[in-house]
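Encoded as structure tokens, the structure appears first; notes follow it.
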Amino acid sequence: MPHRPTRRAALAGAVVAPLGLALGAPSAAAAGTVDMESVVLAAQVDPRRPDSALTTGAGPSVRLVERALADRGLLDPAYVDGHFGTLTVSAYAAWQRSLGYGGLAANGLPGRSSLTSLGEGRWSVVRPLSPGSKVTFRDVTVNTRTRSMLLAAESRAGRTLVLEQGSYNPGGDPTSAGTHDGGGTLDLDAEALGTTARTAVVRALREVGFAAWLRSPSQGDWPWHVHAVAMSDTDLSSAAQHQVGDYHLGRNGLANRGPDDGPRVTIRTWEEYQRLS
């Protein structure tokens, strides 16, 4: 998808974002600071937009990041506009590689260390994010942020869920299309759940910060299950990042990019959920 198919929308100040996207985020970056929560959300959502609109509340911080990338010769100065699209993702990945990172640590999604290094002498990072460490949980690998999110969702749903597939699983189920290669992504068994329970589980996962959908056998070569991606997990694979972006834009996270078929909730990240709890 092009980085900015229409620059007029961005230059005219068009701003499009789903309800709740910028909950708790400052309307503009304070002098000398970059809001990591807003920047990471923009890096997930903006590349999936059909236009050059900005993620609400993220523009000022994204511009500071883009200016730093441009000053290092990694991004054309024409694209210092607050829209964290595909060219900015590529430029940021180049910055990560210049620091010696590879794999998930060079996925173009800002991590705390690379963002802090980029801002040295320019700005400091506020509202930092971290996926935490990898742990074994119910026989699969996840990170501590994802584990905390799942436990909170289970509390809301009033049931313990069965994990079919965890995170950091490259080369796993081929029907997952690489979404489980990085962190933050889970598949949960829904075969034994009734219709009402399935909807309640998806709702609870969404309420704590997952982009989550019920998957049926009619959609692919898989059994009934819930697919959940922890929004703003900086270890997300590129495929999982795209699903988060599509979720924010009201789509189903599948290759057909159809309309979202899950329960409607106010979209909040895990950090926003915690601030409200």
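Quick note: the coordinates plus some simple rules give every number you see, no bench work behind them. Just so it is clear, the structure is predicted and the values come from calculations on it, not from any experiment. So basically every Cβ, Gly included, is an ideal-geometry build from the backbone, and we count neighbours across all protein chains shown.
See the values below:
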{"quantity": "Karplus-derived 3J(HN,Hα), 6.51/-1.76/1.60, for each residue of region 168-178, Hz, glycine and proline x", "calculated": "6, 10, x, x, x, 4, x, 6, 7, 6, x"}
{"quantity": "Debye, to nearest 20: dipole size of the chain, +1 on Lys, Arg Cβ, -1 on Asp, Glu Cβ", "calculated": "520 debye"}
{"quantity": "Dipole moment magnitude, nearest 20 debye, region 134-276 about Cα centre, only Lys, Arg, Asp, Glu C-beta charged", "calculated": "480 debye"}
{"quantity": "Computed label-point distance, nm, for sites Asp261 and Ser218 using a 7 Å Cα→Cβ extension", "calculated": "0.6 nm"}
{"quantity": "Simple label model, 7 Å out from Cα along Cβ direction - Leu254 to Arg97, nm", "calculated": "3.5 nm"}
{"quantity": "Antiparallel %, DSSP beta bridges [both residues in the chain], to 5", "calculated": "80 percent"}
{"quantity": "Contact order relative to length of region 134-276, as percent, for alpha carbon pairs under 8 angstrom and 6 or more apart", "calculated": "22 percent"}
{"quantity": "Placed amide H near Val34: partners under 5 Å, 5+ positions off or other chain", "calculated": "Ser124, Val125, Val126"}
{"quantity": "Residues with amide H under 5 Å from that of Arg215, placed H, sequence gap 5 or more", "calculated": "His225, Val226, His227"}
{"quantity": "Stretch gain in nm, segment Ser133-Thr199, where the contour uses 0.36 nm per residue and the Cα spacing is subtracted", "calculated": "20.7 nm"}
{"quantity": "For Ser277, Ser167, Ser98, order by how many other beta-carbon atoms lie within 10 Å, fewest first", "calculated": "Ser277, Ser98, Ser167"}
{"quantity": "Folded to 0 to 90 degrees: helix 59-71 orientation relative to the chain principal axis, Cα", "calculated": "60 degrees"}
{"quantity": "Between helix 195-207 and the chain: long-axis angle, C-alpha atoms, 0 to 90°, nearest 10", "calculated": "30 degrees"}
{"quantity": "Angle in degrees between helix 238-248 and the longest Cα principal axis of the chain, rounded to the nearest 10", "calculated": "90 degrees"}
{"quantity": "Charged-residue dipole, Cβ positions (Lys, Arg, Asp, Glu), region 165-248 about Cα centre, Debye nearest 20", "calculated": "280 debye"}
